[in-house]
Amino acid sequence: MAEPADQEPQREPASAPRKRRPATAREAKALGHPLRLRILRLCLTRELTNRELADRLDTNPGTVLHHVRTLLNAGLLTAAPVRTGASGALEKPYRATDESWWLDGPLQDLPSEERTSPITALTDELDEAGPEAVRTYARFALHLNDEEVAELDRRILAVLDEYVATDDQRLDRPVHGGAFLLYRSPDT
């Protein structure tokens with residue numbers, strides 16, 4: 001269950017391995033919109049200003065600023081140092097934190113129409129990247145009870161957690177995106 005919006009999440013000490021934790025209400029709400037998820041993805045690999053985000057997302061800068069502020073308030077986006085742009089004007093870039101990865105079931109307490117925002121964001125990103133960008137695709141159907149679903153989820157996320165936790169050691173390599181989605185089939 002999500003924490004009240006005004007409570008700060010409990011973070012692990014820097015030396016301890018990261019563990020998943022429940023999302024606060026503020027974090028869950030911030031992750032409930034596809035545009036905010038796209039902003040996080042864009043700002044994960046490089047610092048971008050509100051104007052750069054608006055241009056990349058083909059969206060009004062005022063709309064983007066609203067979503068940036070929501071992400072900032074949730075601690076999922078952080079302001080990077082102010083820089084001087086090409087025209088000599090000061091720019092305020094933003095960078096995504098890795099906090100959203102470590103949230104356990106962040107959308108579970110949101111209204112049903114907001115729970116599919118990651119799918120919308122993913123399809124938007126795939127459309128932007130083009131079909132040649134897809135490296136691996138595997139679709140499956142498995143007959144699993146609740147315990148087996150939990151075990152599959154735990155094992156796959158453990159592998160992904162290991163890569164996410166050490167990604168800062170591979171920043172010189174190409175960026176690959178992905179999503180892990182496990183759902184109950186409507187055929188059952």
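Results, tabulated for the structure shown:
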{"read-out": "Index of the failed condition, Leu90 passing every other in (1) surrounded by 13 or more Cβ atoms within 10 Å (Cβ to Cβ); (2) over 23 Å from Asp127 (Cβ atoms)", "value": "(1)"}
{"read-out": "In region 102-112, residue modelled with the highest pLDDT [restricted to those that are under 13 Å from Ala30 (Cα atoms) and under 12 Å from the mean Cα position of the chain (by Cα)]", "value": "Leu103"}
{"read-out": "Some residue of region 41-48 being touching a helix residue (DSSP H, G or I) at 6+ places or on another chain (Cβ under 9 Å) and among the acidic types (Asp, Glu)", "value": "no"}
{"read-out": "Test: residue in region 133-144 that is among the hydrophobic types (A, V, I, L, M, F, W, C), assigned to a helix (DSSP H, G or I) and free of Cβ contacts under 8 Å to residues at least 40 places away in the same chain", "value": "yes"}
{"read-out": "Conditions (1) modelled with pLDDT under 90; (2) among the aliphatic types (A, V, I, L, M); (3) surrounded by 13 or more Cβ atoms within 10 Å (Cβ to Cβ); number of the one not met by Val164", "value": "(1)"}
{"read-out": "Restricting region 58-100 to residues that are among the small types (Gly, Ala, Ser) and in contact (Cβ under 8 Å) with a residue 40 or more places away in the chain, the residue that is nearest to Lys29 (Cα to Cα)", "value": "Ala74"}
{"read-out": "Which listed residue is surrounded by 14 or more Cβ atoms within 10 Å (Cβ to Cβ) and hydroxyl-bearing (Ser, Thr, Tyr), from Thr78, Thr84, Thr123", "value": "Thr78"}
{"read-out": "From the options Asp172, Asp153, Asp146, Asp187, residue that is at pLDDT 90 or above, charged (D, E, K, R) and within 27 Å of Thr123 (Cβ to Cβ)", "value": "Asp153"}
{"read-out": "Matching residues, region 50-85, being more than 19 Å from the chain's Cα centre (by Cα) and among the small types (Gly, Ala, Ser)", "value": "Gly62, Gly85"}
{"read-out": "Verdict on Leu110 being touching a residue at least 24 places away in the same chain (Cβ under 8 Å) and either surrounded by 14 or more Cβ atoms within 10 Å (Cβ to Cβ) or closer than 21 Å to Arg21 by Cα (or both)", "value": "yes"}
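For (1) part of a helix (DSSP H, G or I); (2) modelled with pLDDT under 95; (3) not small (Gly, Ala, Ser), each residue gets a yes or a no:
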position: Lys19; (1), (2), (3): no, yes, yes
position: Arg26; (1), (2), (3): yes, yes, yes
position: Lys29; (1), (2), (3): yes, yes, yes
position: Leu53; (1), (2), (3): yes, no, yes
position: Thr59; (1), (2), (3): no, no, yes
position: Val64; (1), (2), (3): yes, no, yes
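The values are calculated or read from the model by the stated rules, or taken from the named source; none is laboratory data. All figures in this text were calculated on a predicted structure; none of them were measured in a lab. Here the Cβ is made from the backbone with ideal geometry for all residues, glycine too, and neighbour counts use every protein chain on show.
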